[in-house]
Amino acid sequence: MTPPALIAVLGPTGSGKSDFAEALADRTGALLLNADAFQVYRGLDIGTNKPRDRARYELLDLVDPQEPFGVVPWVQAALPLLAQAYAEGRSVILVGGTGFYVRALMDEFADLRGAPDPELRAHFMAREEAEGLAALVAELEATAPEIAAQTDLKNPVRVRRALERLQAVPADPIQLPPFARHKLALLPEPEWLNERLVARTAQLLAQGWLEEVEALLASGVTSEDPGMRAIGYRNIVDHLQGEISLTELVDQINLATRQYAKRQRTWLRTEKGLVSYQRERAQWNPLAWGRDWEESFLKESR
């Protein structure tokens, strides 16, 4: 592509983003960057449905499950790769379901802040216990009324997070190379997608998801570690500890995955400049669309 393009391939989990992106990369020689918040964790392979050919992707397996990770370190890791690709005249494809990561990068968010200091988080939790939520709400309203107006002031976690964010260190400004930018969304029918997700859960369990979690626990990872917030992992810990049956485990994973897909679809409705592609199940073919992007995707999308 001339000039090089920065292409985000978005869509709910299970929609075929990787198939589309890999086919497009085969055709164009584009660099593939992972934009999934949990595929950055080492050892979380089966449950996060990492790509079959991981060598093709950058930004996979960056940190251990015990380490906190978020949008700021992801953007910081992506920027030098983007600069190098643009200098080489190479397009880049962002692949993953974490819409906030993609939006922050492509829209060059100006107010990203690093993760809060654990001591700061402990400070606000202690203040809430000693002084009550009303004291924290009053501080937020006094120091940042515009943020307070957008915060659920009855939710202690959201109030604390808002206060933490005000004191977090601002990240460096994002300055992207002058790529041609495209945001594409694959949007299968919700009912059919749910059927696909149920089948995928069964497939991931058959591939050894339970054994993967057992290995993580044996290595010292706990259910409270940041990486274990990925869908299904804490449920599997509950199952391994005898708290829920296998049937209950499958039901819980399917419900959480379905709810996550719904939240992703809702998020995409607010995405600016998005080109969405919707077809019935019989016409759903991300591999073919990726091989012939301009003709099959841009001209026929709506």
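We did not get these values from a lab; they are worked out from the coordinates using the rules stated. Computed from a prediction, not measured in an experiment: that's the story for all the values here. With ideal geometry, Cβ positions are generated from the backbone for all residues, glycine too; neighbour counts draw on all protein chains shown.
Side notes on the structure shown:
- Within a Gaussian network of the chain (alpha carbon springs, distance under 10 Å), most fluctuating of 206, 122, 215: 122
- Cα-based Rg / Dmax (Å) for the stretch 33-111: 12.5, 37
- Among 149, 199, 37, residue whose mean-square fluctuation peaks in a GNM of the chain (springs only between Cα atoms under 10 Å): 149
- Where the Cα pairs of the stretch 165-232 fall when distances are cut into 10 Å bins, in %: 13, 22, 24, 31, 10
- Filter on 183/262; 17/262; 154/272 - keep pairs with C-alpha separation over 21 Å: 154/272
- For the chain, the membrane-span-like helix rule (DSSP H, alpha carbon extent of at least 20 Å along the helix axis, mean Kyte-Doolittle at least 0.0) picks out 71-87; this says nothing about an actual membrane.
- Whole-percent pair-distance distribution, where bins are 10 Å wide, for the alpha carbons of the chain: 6, 24, 31, 26, 12, 2, 0
- Translational diffusion coefficient (Stokes-Einstein; Kirkwood radius from C-alpha pairs) of the stretch 226-280 at 37 °C, 0.692 mPa s, in µm²/s: 247 µm²/s
- Dipole of the chain [Lys/Arg +1, Asp/Glu -1 at C-beta], most positive-end residue of 81, 226, 24: 24
- Stokes-Einstein D for the stretch 175-297, Kirkwood Rh over Cα pairs, 25 °C, 0.890 mPa s (µm²/s): 142 µm²/s
- Rg followed by Dmax, in Å, when the stretch 118-167 is reduced to its Cα trace: 9.7, 26
- Taking the helices alone, the chain has a mean residue ellipticity at 222 nm of -14500 deg cm²/dmol, built from -39,500 (n - 2.57) per DSSP H run of at least 4 residues and averaged over all its residues.
- Relative to one another, the C-alpha centroids of the stretch 54-69 and the stretch 119-171 are positioned 31 Å apart.
- Per-pair calculated FRET efficiency, R0 = 25 Å: residue 217 and residue 161 via Cβ, rounded to 0.05: 0.30
- Most mobile of 285, 254, 155 in a GNM of the chain (Cα contacts under 10 Å): 155
- When DSSP beta bridges are restricted to pairs lying wholly in the chain, around 5% turn out antiparallel.
- Zone of residue 107's modelled label, taken as backbone nitrogen in the stretch 1-28 under 16 Å from a point 7 Å along Cα→Cβ: 8-11
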